[in-house]
Amino acid sequence: MDGYHGLTALIESAWEELHGSDAGRRDLCLDVVSDVLGTGRLTPDDAEQAVERLVTVALSDEGYPVRESALHAACTASANYKLPYRVVEPLAAGADVLEPLLLGYVLAILGATHDQAALPVVEQFLQHPHPEVRREAAEAVKELRWSRGSAQGETTL
């Protein structure tokens, strides 16, 4: 088994254990997924598929630690892969019901897409009652606006 197949086998094993374990073990399974995504060695398609699954877990009725681990792993992926907005769009739709500490992950993930469709979603959190959420929203808005300006600059070259 080569290194790539070893990574994908590790993720598949973590997914299988995720569905048959107690909450503490599920949390650890998601840490394994995060570690693999952190290598940056998956194909974009495999990374997107993993993030789609993480988004589903993050928006599930799982306990807070499991949802936080899923969002942490998705955030790790967003730092190592260019994720299309369509992959993380369910987070935008479900952001209103998440705890403030989890919103920081969601805002960072949405900002990292560099997709302007995320901008109105992120901007709504600039007025959030929690200062940390407002700060994360401001960072994501800045990243999205920078990417818009950067993309416009490329089209005028």
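The values are calculated or read from the model by the stated rules, or taken from the named source; none is laboratory data. The structure presented is a predicted model; accordingly, all values stated were derived computationally and were not measured. Here the Cβ is made from the backbone with ideal geometry for all residues, glycine too, and neighbour counts use every protein chain on show. Only protein heavy atoms, including side chains, enter the accessible area calculation; ligands, DNA and RNA are left aside. Shrake-Rupley method; radii C 1.70, N 1.55, O 1.52, S 1.80 Å.
Structural remarks
- Here the simple spin-label model places points 7 Å from the Cα toward Cβ, and for ARG135 and ASP45 these points are separated by 4.1 nm.
- Principal-axis analysis of the Cα atoms of the chain puts helix 85-94 at an angle of about 90° to the longest axis.
- Rounded tilt (10° steps) of 44-58 against the dominant C-alpha axis of the chain: 90
- Only helical runs count toward this figure. For the chain, summing -39,500 (n - 2.57) over DSSP H runs of n ≥ 4 and dividing by all residues gives -24500 deg cm²/dmol at 222 nm.
- Computed about its Cα centre, the charge dipole of segment 61-139 is approximately 220 debye, with only Lys, Arg, Asp and Glu carrying charge at their Cβ.
- Accessible area (Å², per residue) of the chain, counting only protein heavy atoms and a probe of 1.4 Å: 52
- For peptides 105-115, 64-74, 83-93, 123-133, sequence by mean Cβ density within 10 Å, most packed first: 105-115, 64-74, 83-93, 123-133
- Take every Cα pair under 8 Å whose residues are at least 6 apart in sequence, average their separation, divide by the length of the chain, and the relative contact order is 17 percent.
- Rounded percent of accessible protein surface that carbon and sulfur make up, the chain, 1.4 Å probe: 54
- Checking [x] 16.0, 48; [y] 16.0, 55; [z] 20.6, 81 against Rg and Dmax of the Cα atoms in Å calculated from these atoms, the matching label is [y].
- Ranked by how many other beta carbons lie within 10 Å on average, peptides 25-32, 97-104 from highest: 25-32, 97-104
- Taking Cα atoms only, the orientation of helix 100-112 departs from the longest principal axis of the chain by about 70 degrees.
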